[in-house]
Amino acid sequence: MKASIIVFPGSNCDRDAAVALRSAMGAAPDMVWHGDSELPDSDLILLPGGFSYGDYLRSGAMAAHSPIMREVVRRAKAGTPVLGICNGFQVLTEAGLLPGVLMRNATLRFICKDVLLKVERTDTPFARHYTPAQVVRIPIAHKDGCYFADPATLHLLENENRIAFRYCEEDGTVTDAANPNGSSDNIAGIYNETGTVLGMMPHPERLIDPVQSGTDGAKMFSSLVETLH
């Protein structure tokens, strides 16, 4: 499996993502600068977390117009799996690869903590190592993580089984109290129409080793390697 990580000015989770992929793949991913116009052959493209362009205008808005994103969009539309984490999720919505927007948290504050997620779908390259309705613990770290979409889009996401993860309680119950940022329908991550593009606010790359107090995030990367090798 070959993977590419897109590095924007302000990315701060690109190295964490590289460690996670190298651990799962046994080889280092390519680190691709946002100003490049070409991508190496890639079975997976990852847009990492951080604060691309300092979050000016809107989070991810400027990064979505970086030269490399033209090729990312082209590859995504051709079927190459793309994973956008936190700021990467914001970039995917701004680039039109995923519907909806990421807004300021309902608390208007930056939130950094572990949250519980209910796995809503497991038939994609990203989630085959999880089980349906499994509850996993993954960290979040964001200020603009409130997912919002109009009622018609939310209805479409639900009907097409495109919701990847929801914020939940320990028993998997989806409640307002478990929602850290006010996201519509407790949504923590969504897929595109084909299940090949995933955007999520939580950081699976930050929980891949027991020394980090858990390995729930590692299952996403091992799933990708098994599916895409």
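The values are calculated or read from the model by the stated rules, or taken from the named source; none is laboratory data. Computed from a prediction, not measured in an experiment: that's the story for all the values here. In this analysis, Cβ positions are derived from the backbone assuming ideal geometry, glycine residues included, and neighbour counts consider all displayed protein chains. Only protein heavy atoms, including side chains, enter the accessible area calculation; ligands, DNA and RNA are left aside. Shrake-Rupley method; radii C 1.70, N 1.55, O 1.52, S 1.80 Å.
Conditions tested, residue by residue: (1) of a type in the set (S, T, N, Q); (2) surrounded by 15 or more Cβ atoms within 10 Å (Cβ to Cβ); (3) closer than 26 Å to Phe51 by Cα.
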| site | (1), (2), (3) |
| --- | --- |
| Glu160 | no, no, no |
| Ile190 | no, yes, yes |
| Met201 | no, yes, yes |
| Glu205 | no, yes, yes |
| Met220 | no, yes, yes |
| Val225 | no, yes, no |
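If you go through the range 92-113 and keep only what is open to solvent by 20 Å² or more (accessible area, probe 1.4 Å), assigned to a loop (DSSP other than H, G, I, E, B) and either in contact with a Gly (Cβ under 7 Å, 6 or more places away or on another chain) or at positive phi (or both), you end up with Gly96, Gly100, Ala106, Leu108.
How many residues does the range 36-58 hold that are more than 28 Å from Thr227 (Cβ to Cβ) and touching a strand residue (DSSP E or B) at 6+ places or on another chain (Cβ under 6 Å)?
The qualifying residues number 0.
Screening Glu160, Glu193, Glu120 for residues that are without any contact (Cβ under 8 Å) to a residue 60 or more places away in the chain and over 18 Å from the mean Cα position of the chain (by Cα) leaves exactly one candidate, Glu160. Being of a type outside the set (Lys, Arg), at pLDDT 95 or above and in a strand (DSSP E or B) holds for only one residue in Phe165, Phe89, and it is Phe165.
A search for C-beta distances below 8 Å between a residue of the range 216-229 that is more than 21 Å from Gly79 (Cβ to Cβ) and any residue that is assigned to a helix (DSSP H, G or I) and open to solvent by 30 Å² or more (accessible area, probe 1.4 Å), counting only pairs 6+ apart in sequence or on different chains, returns Gly217/Arg206; Ala218/Ser23; Ala218/Ala24; Ser222/Ala24.
Taken over the range 142-158, residues that are open to solvent by 70 Å² or more (accessible area, probe 1.4 Å) and either assigned to a helix (DSSP H, G or I) or touching a Pro at 6+ places or on another chain (Cβ under 6 Å) (or both) amount to 5. Of the residues contained in the range 19-37, none is found to be in a loop (DSSP other than H, G, I, E, B), among the basic types (Lys, Arg) and at pLDDT 95 or above.
Each residue in the range 15-59 was checked for being farther than 16 Å from Phe89 by Cα and among the basic types (Lys, Arg), and 2 of them qualify.
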